[in-house]
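The next block holds one structure in the form of structure tokens; read it before the comments.
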Amino acid sequence: MLQPSYDPVGDSFHESKVSRYNAPPSYPLEHRMSKKLYIETQGCQMNEYDSARLSDLLQMDSDLIRTEDPAEADILLLNTCSIREKAQEKVFSELGRWRKYKDKRPDIMIGVGGCVAAQEGGDLLRRAPFVDLVFGPQTLHRVPEMMRKRRHESQKLPVVDVSFPDIEKFDQLPEPSVQGHKAFVSIMEGCSKYCSFCVVPYTRGEEVSRPFDDVVAEVAHVLSLGVREVTLLGQNVNAYLGHDHEGRKVNFAELLRCLATLPQLGWLRYTTSHPLELSDELIAAYADIPQLVSHLHLPVQSGSDRVLAAMKRNHDRSYYLNRIRALRAVRPDLHLSSDFIIGFPGESDEDFEQTMNLVAEADIDFSYSFIYSPRPGTPAAAWDDPIPAAAKKARLDRLQSRLAISARSKTEAMVGTRQIVLLDAVSSRLPDHLAASAFNTRLVHVNVADTTQIGRFAEVQIEEALSTNALRARLLQIYS
Ligand code: SAH
Ligand code: F3S
């Protein structure tokens with residue numbers, strides 16, 4: 001495996017992937033920091049993953065310690081999301097709060113990363129001139145170097161680097177530290193699909209897959225630290241196509257098959273997948289990889305062929321339904337969740353009814369559904385959008401109530417069944433219970449008071465539905 005090779009001094013980001021992971025820091029000690037670091041993460045799981053890796057990197061690079069209190073931090077980093085306008089606005093309201101800390105203590109450093117940073121670049125400084133660093137999703141491994149530059153006597157200006165240096169960031173980051181029994185592993189970055197409404201290809205760049213051997217090594221590493229459940233991450237995770245050490249291309253289904261041979265692996269999840277990449281081979285994997293959980297998040301966005309075409313999704317509704325049918329033929333207990341965009345420019349009542357029908361036909365019981373938000377630089381942002389806001393809101397409410405009803409009925413159908421669950425944490429709902437996750441991702445409160453059992457799989461008898469997505473269960477046995 002290629003070792004992470006973060007070089008703390010030189011401008012060597014384009015050097016070959018030589019390991020310097022164990023090399024002692026060669027910059028003067030007085031430049032090292034013993035300060036407090038606060039990182040706030042907005043948006044998707046990829047941002048969560050990026051923030052965790054950035055935190056590992058900064059702590060390895062210096063004697064920074066994490067704090068959960070922004071008011072006492074010396075370095076504040078905001079990992080941002082720009083998928084919808086509201087998400088983007090949250091960035092500036094948070095920065096407004098941070099500005100007050102800086103007014104009191106001008107020596108603190110404020111950095112903004114993620115998709116808003118990628119989109120705005122140096123322009124972000126016009127709205128927030130007190131920001132010291134602007135880094136993108138692909139340059140977060142350069143943050144320690146950017147911080148040093150910013151601190152340097154001669155550097156009076158904020159440091160901005162939102163470039164897309166391919167997949168190099170993974171080679172520059174240390175192996176992840178893991179807390180607990182669940183881990184995310186990012187396997188590909190970016191998106192080349194260019195849906196007409198979406199900002200991701202512009203902020204995260206085109207699809208790039210990590211080398212196969214690196215992914216396998218990272219999964220093996222987290223498993224060796226006690227992880228039982230791994231979630232593979234990517235904007236279009238099932239478009240994965242990575243090279244192995246012989247230069248052969250390995251696709252997503254092959255990657256899953258390989259990971260399933262790792263003995264410590266309990267459950268395997270992935271997100272977010274794209275319908276066009278749900279290949280026959282991937283469907284077949286559900287027949288013979290028992291570690292693959294019976295839950296798939298497969299965004300469809302709309303049930304109307306007209307809207308799907310305008311969104312440039314490159315498939316129609318019957319394609320989606322046929323894929324789901326094929327999947328359920330090999331995995332009948334599959335729970336399906338999806339993403340919907342409501343009120344896309346020109347979406348008629350009839351189009352929306354098609355979405356409601358698709359929810360029923362595909363038997364979708366959970367979704368992330370939002371009203372369409374025009375994003376600067378995307379084709380759809382220039383289109384006429386005659387639908388009144390109130391109509392969009394009414395459609396969204398109808399969709400969400402429909403989904404809640406079907407989620408509730410699926411949850412209730414689990415009452416009386418035996419399930420394997422993963423014991424996750426102390427239950428915040430019931431005393432002397434642990435909160436666990438089921439194979440289909442439902443939340444299950446199990447009558448186990450012993451917190452040393454967290455991280456173990458257990459067989460339980462489901463006794464009661466507590467809410468739309470939560471159940472209560474009685475312990476049958478705990479697996480070692
Ligand atoms: N790769 C995934 C999507 C990732 S983006 C796919 O195949 O669709 C995450 C979700 O954000 C999308 O599924 C979409 O539902 C939502 N989204 C993206 N752009 C949006 C916009 N302009 N307005 C509202 N929702 C949007
Ligand atoms: Fe966005 Fe479409 Fe890619 S929703 S992330 S452009 S698949």
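The values are calculated or read from the model by the stated rules, or taken from the named source; none is laboratory data. Since the structure is predicted, the reported quantities are computational estimates derived from the model, not experimental observations. Neighbour counts are summed over all protein chains in view; Cβ atoms, including those assigned to glycine, are modelled from backbone coordinates with ideal geometry.
Summary of values
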{"quantity": "Elements of type strands (runs of 3 or more DSSP E) contained in segment 400-480, each with 2 or more residues being in contact (Cβ under 8 Å) with a residue 60 or more places away in the chain", "calculated": "418-426"}
{"quantity": "Criterion violated by LEU276 - all others in (1) within 15 Å of ligand 1 (Cβ to nearest atom); (2) part of a loop (DSSP other than H, G, I, E, B) satisfied", "calculated": "(2)"}
{"quantity": "Enumerated helices (runs of 4 or more DSSP H) restricted to segment 163-242, each holding at least 3 residues that are surrounded by 20 or more Cβ atoms within 10 Å (Cβ to Cβ)", "calculated": "168-172, 212-224"}
{"quantity": "Odd one out for HIS315, checked against (1) without any contact (Cβ under 8 Å) to a residue 24 or more places away in the chain; (2) within 16 Å of ligand 2 (Cβ to nearest atom)", "calculated": "(1)"}
{"quantity": "Residues of segment 456-472 that turn out to be under 25 Å from GLY226 (Cα atoms) and surrounded by 18 or more Cβ atoms within 10 Å (Cβ to Cβ), as a count", "calculated": "4"}
{"quantity": "Unmet requirement for ILE387, which otherwise passes all of (1) surrounded by fewer than 19 Cβ atoms within 10 Å (Cβ to Cβ); (2) at pLDDT below 95", "calculated": "(1)"}
{"quantity": "Tabulated pairs, segment 68-89, first closer than 21 Å to PRO144 by Cα, second within 16 Å of ligand 2 (Cβ to nearest atom) and among the charged types (D, E, K, R), C-beta under 7 angstrom, 6+ apart or interchain", "calculated": "ASN79/ASP50"}
{"quantity": "Boolean, LEU282 is assigned to a helix (DSSP H, G or I) and either more than 19 Å from ALA326 (Cα to Cα) or within 16 Å of ligand 1 (Cβ to nearest atom) (or both)", "calculated": "yes"}
{"quantity": "Members of segment 373-396 found to be more than 18 Å from ASP363 (Cα to Cα) and in a helix (DSSP H, G or I), listed by number", "calculated": "PRO379, ALA380, ALA381, ALA382, ALA389, ALA390, ALA391, LYS392, LYS393, ALA394, ARG395"}
{"quantity": "Selection from segment 117-147 of residues that are assigned to a helix (DSSP H, G or I), among the hydrophobic types (A, V, I, L, M, F, W, C) and surrounded by fewer than 20 Cβ atoms within 10 Å (Cβ to Cβ)", "calculated": "LEU125"}
